[in-house]
Amino acid sequence: MPEIRKRSLEKSNALWQEAQDKILSGCQLYSKGPETHIEGVSPIYIDHGKDAHVWDVDGNEYIDYDMGLGPILLGYQYKAVDDAVIAQLRRGMGYSLVAPEEVEYARLCVKHIPSAGKVRFLKTGSGATEAAVRIARAYTGRKHILRGEYHGWHEWTAAAESVRQGGLLAELRNYVHKFDYNDLDKVQEYFETYQGEVAAVITEAVENEAPKGDFLQQLKDLCHANGALLIFDEVVNGFRFSIGGAQQYFGVTPDISTFGKAAANGMPLSIVAGRKDIMEEVDKKIFISTTFGGDCLSLAAGIAVMKELESGEVNRAIWEKGQYLQDNFRRLAKDIDVPIDLKGYPCRMSLEYTDYEGKRDWLYNSIFMQESVKRGVLLGWNIFPCYTHTREDLDFTLNVFEDAMKVYRTALKSGHPETYMEGKPLKIVLG
């Protein structure tokens, strides 16, 4: 069975102390920061990665399941992608005019993504969803947006949150409205309240909860019946569910979709893809322009990723690895009698923790994550199997999960689970 590892986190902790003095919020993405892990037990800084493993700055090794928060689809230092980036680097990173790689990558996107009549490239998922919403508003001439899950940090979506509202215009909240996944009645209610004023509905095609019945098609039909567009945010799902994203998997093609994260296996690249008639209608009305949208290194990586995906082998393998992990996790949880589930689709899963009465608490997440990282498995919000997770990695992980489940059970039954924390419990953050 996996042993609790003797680790030093001295370098990680020292860097974090300095970062808080020099970097706004200490890091660039809240979800990577210490608050979302177990500060004092989890590493803070990663030095390098290879395949599905990472090493922190103190030299400790972990099997990684957050995979850069989703971008690492194939594995760290994946040769075909790295070779493509290095070859492009020797030719140039970006030029004074457009590069042919833009056309090559666009050709692949239009070929494989159902909603891609035309595309535009950006750097981040937030940038892509911002572009999608702007296109929808320009096309429909309407202001209101109905949104589901987290869709980035830009004003149009952040205004619907309840935290970190500094610098946002209060009136923006009048134009963005949240609904829960599978809640068609709420969407219908919004359409009635803002009749003739809704430009688009934006949602992930799926997170962990499966669509009920024909939810996605009904959502599309509801949008079109009310003169609105349907946008799928595929920033997380895209290229993970299939080469054409979750829209291809579920067989429902949105009017516009956004891709990011896994598009370039760690290089910054995102896509807004839309129906050709929509994109051509708004072409002269909108301003979406960014120097690094045509960054040749990211495009080279994106082309290489797409070519790896074309045979279907990568996606088949990722689903198989995820299914193996999920099935065996659930068997262990049942045998050990712990109220934890590994939910979602095999290519994108998350752990759901409760106590024996069904109550959720971030403390419960923290206990399990703590016990896992102590034994060499690094967890985050999601569990993303990558192409280079091996069966040995998965079996080792399941052994770690077995140990963590036993500690979790003991902690819950003690009546004082908080006493089992060795570090600071994690906190929920936005982004």
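Read-outs throughout are calculated quantities, based only on the coordinates presented, and are distinct from any laboratory measurement. Just so it is clear, the structure is predicted and the values come from calculations on it, not from any experiment. Here Cβ is always computed from backbone atoms with ideal geometry, including for glycine, and neighbour counts include all displayed protein chains.
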Review point. GNM on the chain, C-alpha springs below 10 Å: top fluctuator among S115, S414, S31?
Key: S414
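With both partners inside the stretch 34-141, how many of the DSSP beta bridges are antiparallel, as a percent to the nearest 5? Walk me through the intermediate numbers first.
Details: 8 of 9 bridges.
Bridges in the stretch 34-141 that DSSP calls antiparallel: roughly 90 percent.
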**Study point:** Phi to ³J(HN,Hα) by Karplus 6.51 cos²θ - 1.76 cosθ + 1.60 over the stretch 325-338, Hz, x for Gly, Pro
**Key:** 5, 5, 4, 6, 4, 5, 5, 4, 4, 5, 5, 7, 6, 10
Check your understanding: Under a 5 Å amide H to amide H cut-off, with H placed in plane at 1.01 Å, what residues pair with S270 once short-range neighbours are removed?
Key -> L122, K123, T124
**Study point:** the stretch 95-294 - share of DSSP beta bridges that are antiparallel (%, nearest 5)
**Key:** 35
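Treating only the Cβ of Lys, Arg, Asp and Glu as charged (+1, +1, -1, -1), what charge dipole size does the stretch 366-431 show about its Cα centre? Round to the nearest 20 debye. Could you put the intermediate results ahead of the total?
Numbers: 8 positive and 8 negative charges, 49 e Å.
With only Lys, Arg, Asp and Glu charged at Cβ, the dipole is about 240 debye.
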Exercise for review: For K118, enumerate residues with amide H under 5 Å from its amide H, sequence gap 5+ or separate chain, H modeled in the peptide plane.
Suggested key: G274, K276
Revision key, fill the gap. A student asked for the Cα radius of gyration and Dmax of the chain in angstrom ought to give 22.0, 66
Study note, to complete from the structure: For N208, other-chain or 5+-apart residues with amide H closer than 5 Å (H placed, Pro excluded) are none
Check your understanding: Considering the chain as a Gaussian network with a 10 Å cut-off on Cα pairs, which listed residue, A99, A159, A128, attains the greatest mean-square fluctuation?
Key -> A99
Practice item. From the P(r) of the stretch 95-294, can you give the percent of Cα pairs sitting at distances over 28 Å? Key: 21
Revision key, fill the gap. Taking a straight Cα-to-Cα line shorter than 29 Å from K359, and setting aside same-chain lysines fewer than 8 residues away, one finds K32, K178, K186, K212, K334, K343, K374, K406, K413, K424, K427
Practice item. Could you tell me which of L184, I44, T203 has its Cα farthest along the dipole of the chain towards the positive end, charges placed at Cβ (Lys, Arg +1; Asp, Glu -1), taken about the Cα centre? Key: T203
Exercise for review: Just report the Cα centroid separation between the stretch 383-431 and the stretch 31-70, whole Å.
Suggested key: 14
Review point. Taking every pair of alpha-carbon atoms in the stretch 321-431, what share in percent sits in each 10 Å bin, from 0 to the bin with the longest distance?
Key: 14, 50, 31, 5, 0
Check your understanding: Can you give the calculated 222 nm mean residue ellipticity of the chain, where each DSSP H run of n ≥ 4 adds -39,500 (n - 2.57) and the sum is split over every residue, rounded to the nearest 500 deg cm²/dmol?
Key -> -12500 deg cm²/dmol
**Study point:** Most fluctuating residue given options E101, E207, E357, as computed from a GNM of the chain linking Cα atoms under 10 Å
**Key:** E357
Point to revise | Intensity falloff of the stretch 254-384 expressed as log10 I(q)/I(0), Debye formula with alpha-carbon point scatterers, at q = 0.19, 0.20 Å⁻¹ | key: -1.13, -1.19
Practice item. Provide the per-residue ³J(HN,Hα) series for the stretch 406-411, in order, calculated from phi with Karplus coefficients 6.51, -1.76, 1.60 and θ = phi - 60°, each as a whole number of Hz, with x at glycine and proline positions. Key: 5, 5, 4, 4, 4, 5
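Restricting to bridges with both residues inside the chain, how much of the DSSP beta-bridge set is antiparallel, in percent to the nearest 5? Display every interim value, and only then the final one.
On the way: 24 of 43 bridges.
In the chain, DSSP labels about 55 percent of beta bridges as antiparallel.
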**Study point:** For the stretch 56-63, 3J(HN,Hα) per residue [Karplus equation, 6.51 cos²θ - 1.76 cosθ + 1.60, θ = phi - 60°, Hz, x = Gly/Pro]
**Key:** 7, 5, 8, x, 7, 9, 9, 7
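Given charges of +1 on the Cβ of Lys and Arg and -1 on the Cβ of Asp and Glu, with all other atoms neutral, how large is the dipole of the chain about its Cα centre, in debye to the nearest 20? Write out the running numbers ahead of the final one.
Values: 50 positive and 62 negative charges, 138 e Å.
The calculated dipole for the chain is roughly 660 debye.
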